[in-house]
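The values are calculated or read from the model by the stated rules, or taken from the named source; none is laboratory data. Just so it is clear, the structure is predicted and the values come from calculations on it, not from any experiment. All Cβ positions, glycine included, derive from the backbone under ideal geometry; neighbour counts span all protein chains shown.
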Amino acid sequence: MDAKQAEKRVLDYLDAIGRGDHEAAYAAFAEDATWQTPPSLPWPGRFEGRRAIFDEYFAVDKGLFTTGMSSYDLETTCVVATPTHVVVEMTHRSEGLNGKRYETDHCLVFELRDGRIQSVREYIDSLYLKEQMLD
C-alpha cells in the first residue's frame, strides 16, 4: 500500500463513521486493533480489539452527544500520509446532552497494516472536553 492508498483508507473510514455507517467503519479496523486516548480522560486510556473500540470507546459518545454514535460532524483540516501512517487533524462539532456546544480540534495518528487500521492514537484537549461535556 502506498501513501495515497493509506490516506484513502483512513478518509473512507472517517467518512463512514461520520455518516453513521458502522459496518463500513468497523470493517476498516484490524480485528486486534487498538485505540489510545489521553490518560487524563475519565475512561480507559486504551481499547484493545475492534469490538472494544466500537462497543466501549464509541459507546461513550451515547452519554455525551445528542447524536450519540449515529453521526459525527467531522471537518478534516490536514492529512499527512506515509504507506504505514496517516495523521489527521480535524475539528469535531456536536451538541452535548447537557445542551452545551462542543467544537474542538483532534489529532489522530492512524497506523495501518495489511490495508486495515491497526492502531489509533488520539490527541485532544481533554480539559475542554471535561468542562464542556462532563461538568
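Scanning region 94-135 for residues that are among the basic types (Lys, Arg) and at pLDDT 80 or above yields Lys100, Arg101, Arg113, Arg116, Arg121.
In region 64-83, the residues that are among the small types (Gly, Ala, Ser) form Cβ pairs under 7 Å with partners that are assigned to a loop (DSSP other than H, G, I, E, B), at six or more places apart or across chains, as follows: Ser70/Gly20; Ser71/Arg19; Ser71/Gly20.
Within the option set Asp73, Asp114, being more than 16 Å from the chain's Cα centre (by Cα) and charged (D, E, K, R) holds for one residue only, Asp114. Here Ile124 meets the list (1) in contact with a strand residue (DSSP E or B) (Cβ under 6 Å, 6 or more places away or on another chain); (2) over 16 Å from Pro38 (Cα atoms); (3) touching a residue at least 24 places away in the same chain (Cβ under 8 Å) almost entirely, failing just condition (2).
In region 81-102, what residues are over 14 Å from Thr67 (Cα atoms) and not β-branched (Val, Ile, Thr)? Once the filter is applied, which keeps residues that are over 14 Å from Thr67 (Cα atoms) and not β-branched (Val, Ile, Thr), region 81-102 yields Ala81, Pro83, His85, Glu89, Met90. Selection of region 6-18 for residues being of a type outside the set (Ser, Thr, Tyr) and under 13 Å from the mean Cα position of the chain (by Cα) yields Val10, Leu11, Asp12, Leu14, Asp15, Ala16, Ile17, Gly18.
Restricting to region 56-72, name every residue that is surrounded by 15 or more Cβ atoms within 10 Å (Cβ to Cβ) and among the charged types (D, E, K, R). Of everything in region 56-72, those that are surrounded by 15 or more Cβ atoms within 10 Å (Cβ to Cβ) and among the charged types (D, E, K, R) turn out to be Glu56, Asp61.
For region 80-135, which positions are farther than 23 Å from Glu31 by Cα, in contact with an Asp or Glu (Cβ under 6 Å, 6 or more places away or on another chain) and among the β-branched types (Val, Ile, Thr)? Scanning region 80-135 gives Thr91, Thr104.
Which one is surrounded by the fewest Cβ atoms within 10 Å (Cβ to Cβ) among residues in region 19-55 that are polar (S, T, N, Q) and under 13 Å from the mean Cα position of the chain (by Cα)? Across region 19-55, the extreme among qualifying residues is Gln36.
Of all residues in region 12-27, those that are within 13 Å of Phe58 (Cα to Cα) and in contact (Cβ under 8 Å) with a residue 40 or more places away in the chain have Cβ atoms under 9 Å from Cβ atoms of residues that are among the small types (Gly, Ala, Ser) and outside any helix (DSSP H, G or I), 6 or more apart or on another chain, in Ile17/Ala28; Ile17/Ser71; Gly18/Ser71; Gly20/Ser70; Gly20/Ser71.
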